[in-house]
Amino acid sequence: PRHYVASYNFIASGSDQLGFTSGDALLVHAKPSSEWWWAELRGVKGYVPASYLCQTGDAGEEDEIEDPWQDEEYFGSYSTLRLHLEMLSDRSRTETYRRVVVSNRASLRNKAVMDLGCGTGIISLFCAQLAQPSVVYAVEASAMAEYTRQLVRQNGCEEVIRVLQGRGEDIQLPGKVDVLVSEWMGNCLVFEFMVESVLSARDRWLREGGVMWPSSAALALAPCQAHDYFAEKMAFWERPYGLDFTPLQPLAQQEFFTKPKFSHVMEPSDCLASPRHVISLNMYTLQIKDLEEITGQFDFPVETSGTFHGFTAWFAVYFESLDAGGTTVELNTGPNSEPTHWKQTLFMLDQPVSLNTGSSVTGTIVLRRNPVWRRHMSVTLSWNISGDADNWCPQSGTKTFPMWR
Ligand SMILES: N=C(N)NC/C=C/[C@H]1O[C@@H](n2cnc3c(N)ncnc32)[C@H](O)[C@@H]1O
């Protein structure tokens, strides 16, 4: 963050704007655009008009406008093998995409395919190797694209696969495509918001009546117990080495339970109720503006008495057949399916609540996209425990988890 001083008064006109008076010292946290910056004044944050401010201290040295998509860092992370190895090593994920190609091999003949965010090109290579599309546009923004070209040649697919290095939003294709395939899903389905790039490519390059793979997506949720995680991070402070460290428990709650826990492996037996799809996305009708705030409702009849430590979330995506009436292929990242590199995401409540069968946990989940950092979001879970008269614990609550800003 950098210090600026206000040269003029500014009256805020939107709820997300920050008003100030000439002479106020503001802390600028981010510069999502050259007109509006994200700043703080006396603990309140909001958008401010950049032209009303001037830098204190080393004036003149203009720090670079920070990219709200953090593309340099994001695509940088995909120019090394680490993440590609993780994704390719995820057999459930990779075999599912291969199964989609194989089960649609006849209908893929002579089709034009776009593989958005192809990485090493695995999906494109499946298409060229296991079916006979007329062309596959393998689009990859990171420096990995150079190697992807080599892999295409190495596997004799250069007749079919054309690797285009660049962002899906920027590249030009010679024509529209029949199939837009992408592996875009992040934690809680949308984290990283690569889905926006997929929708942008759909709107630009998918022909009328073309097919989206995945065709639809769902976020699943369940109230759960998380005894091991709770013991490891919170109960630990009760009596370590015979001493009472409980004054550290508020710190532990802040440090370990404020953000969701990625890569959590939930046992099916941890579920206190049958998981439900709380959000469903139709990849044909979903609009980019819909991504700003996605809301789901839930009503879980408690089936197993136990300790309600939090909620666990995961996703499933569906690949409809190119043939009318053909079978839909599912990739499910839940606790009852083959493990994947996404595992599940655990949202810990501040206080565990004991739950008895006969009660129910009803409420909402809201995914709110970060207005400044466009690959980030917050998840707000609000719940109400009803039908358990003899339970003295708090009956309702709400908690907002940043992912990550
Ligand atoms: N998180 C999951 N599941 N997959 C991440 C997969 C990301 C891959 O897609 C590329 N990618 C992401 N967004 C774009 C874009 N807009 N244009 C071109 N390539 C892109 C990244 O560089 C990675 O190689």
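Computed from the coordinates by the stated procedures, all read-outs in this text should not be read as laboratory data. Remember, it's a predicted structure, so these values are computed and weren't measured experimentally. Glycine also receives a Cβ, built like all others from the backbone with ideal geometry; neighbour counts cover every protein chain displayed.
General observations
- The range 2-55 shape via C-alpha gyration tensor axes, a/c threshold 1.5: rounded
- Lys/Arg +1, Asp/Glu -1 at C-beta; the range 217-403 dipole; positive extreme among Thr312, Phe245, Phe401: Phe401
- Residue order, fewest to most beta carbons within 10 Å, for Arg91, Arg167: Arg91, Arg167
- Taking the three principal axes of the alpha carbon atoms in the chain, the coordinate ranges are 66, 63, 42 Å, sorted in descending order.
- Candidates Leu251, Leu108, Leu173: whichever shows maximal mean-square fluctuation once the chain is modelled as a Gaussian network with Cα springs under 10 Å: Leu251
- Across the range 275-328, the volume of the C-alpha convex hull divided among the residues equals 133 Å³ per residue.
- Charged neighbours of Met87, selected by a Cβ distance under 11 Å, balance to 0 (K, R count +1; D, E count -1).
- Charge dipole (Cα centre; +1 on Lys/Arg Cβ, -1 on Asp/Glu Cβ; no other charges) of the chain amounts to roughly 780 debye.
- For Asp270, net neighbour charge (Lys/Arg +1, Asp/Glu -1) across residues whose Cβ lies under 15 Å away: -2
- Karplus-derived 3J(HN,Hα), 6.51/-1.76/1.60, for each residue of the range 359-375, Hz, glycine and proline x: 8, 9, 10, 10, x, 9, 10, 10, 9, 10, 6, 5, x, 9, 9, 6, 9
- With a cut-off of 10 Å between beta carbons, the residues surrounding Pro371 carry a summed charge of +1, where Lys and Arg count +1 and Asp and Glu -1.
- 3J(HN,Hα) along the range 105-119: 4, 5, 6, 6, 4, 6, 8, 9, 10, 10, 10, 8, x, 6, x Hz, from the Karplus curve 6.51 cos²θ - 1.76 cosθ + 1.60 with θ = phi - 60°, whole Hz, x for Gly and Pro.
- Look at where the Cα atoms of the range 93-135 and of the range 327-373 average out, and the two centres are 30 Å apart.
- Subset of Lys233/Lys399; Lys45/Lys261; Lys111/Lys343; Lys45/Lys259; Lys261/Lys399 violating a 23 Å alpha-carbon distance limit: Lys45/Lys261; Lys111/Lys343
- Over the chain, DSSP H runs of length four or greater, each weighted -39,500 (n - 2.57), average out per residue to a 222 nm ellipticity of -5500 deg cm²/dmol.
- Residues whose amide H comes within less than 5 Å of that of Met114, counting only those at least five positions distant or on another chain, are Tyr137, Val179, Leu180, Val181 (H built at 1.01 Å from N in the peptide plane).
- The chain - percent relative contact order, Cα under 8 Å, separation 6 or more: 13
- Cleavage-rule hits (chymotrypsin sites (Phe, Trp or Tyr not before Pro)) in the range 224-259: DSSP loop, at most 16 neighbouring Cβ within 10 angstrom: Phe245
- Proximity of backbone amide H atoms, modeled 1.01 Å from N, is registered between Trp36 and Ala50 at under 5 Å, excluding neighbours fewer than 5 places apart on the same chain.
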